[in-house]
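Heads up: the structure comes next, in structure tokens.
The values are calculated or read from the model by the stated rules, or taken from the named source; none is laboratory data. Keep in mind the model is a prediction, meaning the values are calculated, not measured. For neighbour counting, all protein chains shown are included, and Cβ atoms are generated from backbone atoms with ideal geometry for every residue, glycine included.
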Amino acid sequence: MTAVDELFAVQDEDTAAEQIRHRLANLPEKATLEGARGARGATESQLEATRLERLELDRRQKRAEADVDAVVARVDELNNRLYGSGITSPKEAREVQEEVDRLRPRQDELEERLLEVLEEIDPLEVQLGELSERAGTEDAAIGAAEAAVAVAEAALEAELAEVRERRESAAAAVPDDLLARYEGLRGAFGSSTVAGFDGNDCTRCPYSMPAVERDRIKHLPDGTLADCSECGRLVVG
Ligand SMILES: [Zn+2]
């Protein structure tokens with residue numbers, strides 16, 4: 001192979017490497033992973049909100065239980081007085097009984113309130129259970145997606161390593177000055193930095209060459225590189 005053939009090979013490998021890097025950056029497996037993480041994040045938000053709601057109900061349950069306990073304790077205390085030996089007059093007995101009678105409906109009301117709180121807790125517990133289960137399923141999906149990304153990346157990295165190796169051996173056969181000219185222009189022209197000459201024009205050029213330029217390139221020794229006067233690419237004479 002001539003130095004120019006090797007330069008074309010360098011260009012081909014550079015193009016291949018770019019395509020692999022593009023595929024690495026745009027892996028469908030990565031999109032799947034992002035989707036899985038997004039779903040898990042949404043579940044986590046719901047879990048947090050539901051846990052907060054659960055905490056608030058816990059607080060209300062404790063308060064309602066304390067209210068019930070206080071009334072029950074007071075009624076017990078009053079009953080002990082009524083049926084014990086501390087009462088000294090019928091008037092006092094009547095007053096104690098009246099307080100017990102007032103407290104009974106109050107106790108019922110507080111117990112009803114406690115029951116309502118407990119009834120709110122039940123469906124929330126079910127919801128928390130479902131959300132936790134969903135989170136577990138989604139964690140597993142993330143794990144699988146991460147593994148798929150790793151496999152796809154490893155395959156492309158291996159391809160990239162082979163491309164680099166081939167590029168290196170091709171580049172070794174290209175004179176340094178030529179390689180430097182190619183590398184300097186590659187940023188502007190990418191995969192068509194080195195172009196062919198079809199006998200009339202640079203094959204990558206949208207423009208026609210002036211006749212003088214055409215003649216100049218035609219008469220260059222085979223395998224010589226010239227700068228295309230129209231587009232600036234490297235043209236193989
Ligand atoms: Zn050109």
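Points to keep in mind about this one:
- Residues in the range 128-142 include at least one that is part of a helix (DSSP H, G or I), free of Cβ contacts under 8 Å to residues at least 60 places away in the same chain, closer than 30 Å to Thr50 by Cβ and among the β-branched types (Val, Ile, Thr).
- Those residues of the range 202-217 which are in contact (Cβ under 8 Å) with a residue 24 or more places away in the chain, surrounded by 16 or more Cβ atoms within 10 Å (Cβ to Cβ) and not in a strand (DSSP E or B), in sequence order: Arg204, Cys205
- Residue match in the range 199-213 (condition: within 30 Å of Glu34 (Cα to Cα), in contact with a helix residue (DSSP H, G or I) (Cβ under 6 Å, 6 or more places away or on another chain) and either among the acidic types (Asp, Glu) or within 11 Å of the ligand (Cβ to nearest atom) (or both)): no
- Of all residues making up the range 83-120, the number that are under 60 Å from the mean Cα position of the chain (by Cα) and either farther than 19 Å from Ala49 by Cα or not in a helix (DSSP H, G or I) (or both): 14
- The single condition among (1) in contact with a strand residue (DSSP E or B) (Cβ under 6 Å, 6 or more places away or on another chain); (2) of a type in the set (Val, Ile, Thr); (3) more than 9 Å from the ligand (Cβ to nearest atom) that Val163 does not satisfy is (1).
- The range 214-233, residues that are of a type in the set (S, T, N, Q) and either near the ligand (Cβ under 9 Å from one of its atoms) or modelled with pLDDT of 90 or more (or both): Ser229
- Test result for Pro123, more than 39 Å from the chain's Cα centre (by Cα) and exposed (fewer than 13 other Cβ atoms within 10 Å of the Cβ): no
- Residues in the range 176-198 that are among the aromatic types (Phe, Trp, Tyr) and part of a helix (DSSP H, G or I) were compared, and the one that is farthest from the ligand (Cβ to nearest atom) is Tyr182.
- Residues (loosely packed, with under 13 Cβ neighbours inside 10 Å and hydrophobic (A, V, I, L, M, F, W, C)) located in the range 126-143: Val126, Ala140
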